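Every number here is computed from the coordinates shown, using simple stated rules; none is lab data. Worth saying up front: this structure is predicted, and the values here are computed from it rather than measured. Note that we place each Cβ from the backbone using ideal geometry, even for glycine, and neighbour counts take in every protein chain shown.
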Amino acid sequence: MSEKLTIKCAGCDKTQPLRPRKVERYGGYSCRACGFTAPTPPDGSVIYTVVHAAGGFRGDRMQVADPETQAALQRARALRDAALKRLGELN
């Protein structure tokens with residue numbers, strides 16, 4: 001039988017033993033039950049979250065955004081700001 005890894009939730013310290021092949025490598029893991037959210041990334045970085053990266057835990061990885069992702073983020077922020085402005089005008 002293969003040796004198991006113990007994955008720990010970053011929010012509540014819940015653990016889950018898993019075979020290595022069931023674990024994708026990420027910077028941190030959370031169980032979703034405790035409500036833990038990854039910290040806000042610094043400007044120019046993004047957080048990628050994958051559900052079931054390690055058994056029932058989700059995995060979070062922070063990395064520098066490539067130019068295409070940065071452009072997409074700028075477009076999304078512009079849409080968000082326009083929608084919030086429009087909502088403000090309606091109220």
Any lysines whose Cα falls less than 19 Å from that of Lys4, other than same-chain ones fewer than 8 residues away, would be Lys14, Lys22
Helix-only [θ] at 222 nm, the chain, -39500 (n - 2.57) per DSSP H run of 4+, per residue, nearest 500, equals -9500 deg cm²/dmol
Low-density loop GluC sites (Glu not before Pro), the chain, at most 13 other Cβ within 10 Å, DSSP non-H/G/I/E/B, are Glu3, Glu24
Here the convex hull volume per residue of segment 14-91, taken over Cα atoms and given in Å³, is 124
Under the 7 Å Cα-to-Cβ spin-label approximation, Lys85 and Val64 lie apart by a distance in nanometres of 3.2
Spelling it out for Ile7: with amide H atoms placed in the peptide plane at 1.01 Å from N, the residues 5 or more places away or on another chain with amide H under 5 Å from its amide H are Gln16, Leu18
Length gained if Ala76 through His52 is fully extended, taking 0.36 nm per residue and subtracting the Cα-Cα distance, is 6.0 nm
Going from the fewest other Cβ atoms within 10 Å to the most, one would list Ser30, Ser2, Ser45 as Ser2, Ser45, Ser30
Connecting every pair of Cα atoms under 10 Å apart in the chain and solving the GNM, the largest mean-square fluctuation among Gly55, Gly35, Gly11 falls on Gly35
Diffing segment 55-60: the Karplus 3J(HN,Hα) column from phi (6.51, -1.76, 1.60, θ = phi - 60°), in whole Hz with x for Gly and Pro, holds x, x, 8, 8, x, 10
The rounded separation in angstrom of the Cα centers of segment 43-91 and segment 3-30 is 25
Note, segment 13-19: 3J(HN,Hα) by Karplus (6.51, -1.76, 1.60, θ = phi - 60°), whole Hz, Gly/Pro = x, goes 6, 4, 10, 8, x, 9, 5
